[in-house]
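The values are calculated or read from the model by the stated rules, or taken from the named source; none is laboratory data. Just so we're clear, the structure is a prediction, and the values are computed from it rather than from any experiment. For neighbour counting, all protein chains shown are included, and Cβ atoms are generated from backbone atoms with ideal geometry for every residue, glycine included.
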Amino acid sequence: MGGGVVNRKHIKDFLSIADVPAGVLWEWLRLARALKEEWLAGGNKPVLQGKVLGMIFQKPSLRTRVSFDVAMRHLGGSAIYLSPQEIRLGERESIADAAAVLSGYVHGIMARVFAHREVEELARHASVPVINGLSDFNHPCQAFCDMFTLYEHWHWQDLAGRHLVFVGDGNNVARSLLFACSKLGIHITLCTPPGYEVEAEVLAQARAFATQSGSLIRTSHDPQEAVQGADVIYTDVWASMGQEAEVEQRRRIFRPYQVNSTLLAATGNPNVVVMHCLPAHRGEEITDEVMDGPHSIVYRQAHNRLHGQKAILVALLG
Ligand code: CP
Ligand code: NVA
């Protein structure tokens, strides 16, 4: 079991994995396990009875929207979906005003935004907890729930010393995985095309976490070489929401970074698992053969958004 000293300083918001001490991440992982087991045994106790989560979405969503809403219901609470047309964050009124007003109605805010500073501004002005449901900078709920999926996949053994290889764009999901792995002692290789790397300052921040956890961090431009010995291959879309104008150019550049059966074979690991945050663009970053094949755990990964986020909700709103 991993762990470390838990920093008891109160965590109000969850905007980035970088802000959460490793000991707290381990507490949340254990809580997620307990909540999943409780739910499988017949249902969760209504520990968030009467609590309401406001969910602001500036971009589309399937998993984040539905899993947070259902998680609140399972825990005895409820959620309100606020579409991009309704809130028009920072347009119809200032983010500060929206945060202050919402804080009088709901017990927590989950927000999916374009610019990361928007969710930071919400958190600064909201008196209730704010959870980042994806920004251009990161996707911490995704990465946390992915760590939960791996913890479960490896039968609740320590995650330290495993090797995750992210193949694709150095994007929001890649940055969050980098923070999560470097905090939990998982070795991580980020394999991206030249020009699409995670920023040097983000790598430096993760390397500081890694000195505590023993995680090794590598970067690469060569997928065949990068995946050797991988326990996990992880990929995401080549063009994220908001990058639609770059789709054609990225398709050409990222083509050698497709996760296909040749790349899987290059790991040399018969037990390698394949992850994708979804939605997937089948035939681009991942082939049908891999996504539907025996190494893929993508649907369990998606389903675990429900269980992992329950822990985040209980920790912040409970
Ligand atoms: N992975 C993820 O966050 O999916 P959605 O965009 O559908 O919420
Ligand atoms: N990188 C993707 C993740 C979607 C869940 C995006 O931002 O669109």
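Below are the figures for this structure:
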| read-out | value |
| --- | --- |
| Meets criteria (surrounded by 14 or more Cβ atoms within 10 Å (Cβ to Cβ), assigned to a helix (DSSP H, G or I) and in contact (Cβ under 8 Å) with a residue 40 or more places away in the chain) for Leu25 | yes |
| Scan of the stretch 223-262 for residues that are surrounded by fewer than 15 Cβ atoms within 10 Å (Cβ to Cβ), free of Cβ contacts under 8 Å to residues at least 24 places away in the same chain and within 16 Å of ligand 1 (Cβ to nearest atom), ordered by number | Glu244 |
| Answer from Leu306, Leu278 - the residue that is on the phi > 0 side of the Ramachandran plot, within 16 Å of ligand 2 (Cβ to nearest atom) and hydrophobic (A, V, I, L, M, F, W, C) | Leu278 |
| Members of the stretch 35-72 that are free of Cβ contacts under 8 Å to residues at least 40 places away in the same chain, closer than 18 Å to Cys141 by Cα and away from ligand 2 (no atom under 16 Å from the Cβ) | Asp69 |
| Scan of the stretch 133-186 for residues that are among the aromatic types (Phe, Trp, Tyr) and touching an Asp or Glu at 6+ places or on another chain (Cβ under 7 Å), ordered by number | none |
| Cβ pairs under 6 Å, 6+ apart, first in the stretch 121-148 and under 17 Å from His276 (Cα atoms), second assigned to a loop (DSSP other than H, G, I, E, B) and within 12 Å of ligand 2 (Cβ to nearest atom) | Gln142/Cys277 |
| Condition check for Ala226: at pLDDT 95 or above and touching a strand residue (DSSP E or B) at 6+ places or on another chain (Cβ under 6 Å) | yes |
| Of residues in the stretch 71-89 being polar (S, T, N, Q) and under 23 Å from the mean Cα position of the chain (by Cα), the one modelled with the lowest pLDDT | Ser83 |
| Residue match in the stretch 301-318 (condition: more than 19 Å from the chain's Cα centre (by Cα), at pLDDT 95 or above and either β-branched (Val, Ile, Thr) or more than 20 Å from Phe68 (Cβ to Cβ) (or both)) | no |
| Per-region count, the stretch 119-162, residues part of a helix (DSSP H, G or I) and closer than 30 Å to Gln58 by Cβ | 18 |
| Number of the exception - Ala115 against (1) closer than 30 Å to Val274 by Cα; (2) more than 14 Å from ligand 2 (Cβ to nearest atom); (3) surrounded by fewer than 24 Cβ atoms within 10 Å (Cβ to Cβ) | (2) |
| Set Glu225, Glu248, Glu199: member being within 16 Å of ligand 2 (Cβ to nearest atom) and either under 26 Å from Tyr151 (Cα atoms) or out of contact with any Ser or Thr (no Cβ under 9 Å at 6 or more places or on another chain) (or both) | Glu199 |
| Subset of the stretch 298-307 (residues that are in contact (Cβ under 8 Å) with a residue 24 or more places away in the chain and within 14 Å of ligand 1 (Cβ to nearest atom)) | Val298, Arg300, Gln301, Ala302, Asn304, Arg305, Leu306 |
| Residue among Val101, Val106 that is part of a helix (DSSP H, G or I), away from ligand 2 (no atom under 16 Å from the Cβ) and either out of contact with any Pro (no Cβ under 6 Å at 6 or more places or on another chain) or at pLDDT 95 or above (or both) | Val101 |
| Residues of the stretch 97-111 that turn out to be of a type in the set (Val, Ile, Thr) and exposed (fewer than 14 other Cβ atoms within 10 Å of the Cβ), as a count | 1 |
| Residue check, Ser220 within 15 Å of ligand 1 (Cβ to nearest atom) and at pLDDT 95 or above | no |
